[in-house]
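Novice: Structure incoming, see below.
Derivation of every value follows stated rules applied to the coordinates shown; laboratory data play no part. Everything quoted here is computed from the prediction, not taken from an experiment. Don't worry about glycine lacking a Cβ; one is built from the backbone with ideal geometry, like all the others, and counts go over all protein chains shown.
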Amino acid sequence: MTQFREDGVVRSMARGFMGRCPRCGEGALFWRYLKVNPACPACGHDLDRYPSDDGPAYFTILITGHMVVVPLLLFPAIWKAPLAIAIPGTLIPLCGFTLLFLPRVKGVVIGLLYALNIHRGDGRLHTADRYD
């Protein structure tokens, strides 16, 4: 049975969406675009232990695809436009939405992992342990 943290799932996910530590909501979750801080600067919580892996990329593709591809299917006038307009008009929003959503979705996934108490056992995967 999954143990929930007392902070609440929605609160932790909202903090992750805002790029904040899911535990305290004060410290920054990322120190670069998608690089997770090893520890929260405010409360010291080990943020590196939540393995978001490929989940954020999958969900970002799912959201962005629905926001860009569905209008392409609903409005056939887009396909009647010259390629010099249709291709940039499709690729620019696709890239923009992807870059906008990816860190937010990754924060939500990390917040969900925190709320559900799902983490790596030792906090890190050592390269020597990978092939043994």
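Novice: Ignoring everything except DSSP H segments at least 4 long, calculate the 222 nm mean residue ellipticity for the chain; use -39,500 (n - 2.57) per segment, divide by total residues, nearest 500. Write down the numbers at each step before the final one.
Specialist: Working: 5 runs with 70 residues, N = 132.
Result for the chain, helices only: -17000 deg cm²/dmol.
Novice: If we count trypsin sites (Lys or Arg not before Pro) as exposed when they sit in a DSSP loop and have at most 13 other beta carbons within 10 Å, what is the longest stretch of the chain that avoids them all?
Specialist: The longest such stretch corresponds to 36-119.
Novice: Here's another thing I want to ask about it. Under a 5 Å amide H to amide H cut-off, with H placed in plane at 1.01 Å, what residues pair with Arg20 once short-range neighbours are removed?
Specialist: It is Leu29, by chain and number.
Novice: With equal scatterers on the alpha carbons only and no solvent term, can you work out the Debye log10 of I(q)/I(0) for the stretch 9-122 at 0.12, 0.13, 0.17, 0.23 1/Å?
Specialist: With no solvent term, the Cα-only Debye profile gives -0.50, -0.56, -0.77, -1.17.
Novice: Further question: How far is helix 83-115 tilted off the main Cα axis of the chain, in degrees rounded to 10, range 0 to 90?
Specialist: For helix 83-115, the angle is close to 20 degrees.
Novice: While we're looking at this one, here's another question. Which residue fluctuates the most in the chain, going by a Gaussian network model with Cα springs under 10 Å, if the choices are Gly55, Gly89, Gly19?
Specialist: Of Gly55, Gly89, Gly19, the Gaussian network model singles out Gly89 as fluctuating most.
Novice: Place a +1 charge on the Cβ of each Lys and Arg in the chain and a -1 charge on the Cβ of each Asp and Glu, then give the dipole magnitude about the Cα centre in debye, rounded to the nearest 20. Intermediate results must be reported in sequence, preceding the final value.
Specialist: On the way: 14 positive and 10 negative charges, 73 e Å.
Once rounded to the nearest 20, the dipole reads 360 debye.
Novice: Another question, if that's okay. Using alpha carbons only, what's the Rg to Rh ratio of the stretch 51-93 with Rh from Kirkwood?
Specialist: My calculation puts Rg/Rh at 1.14.
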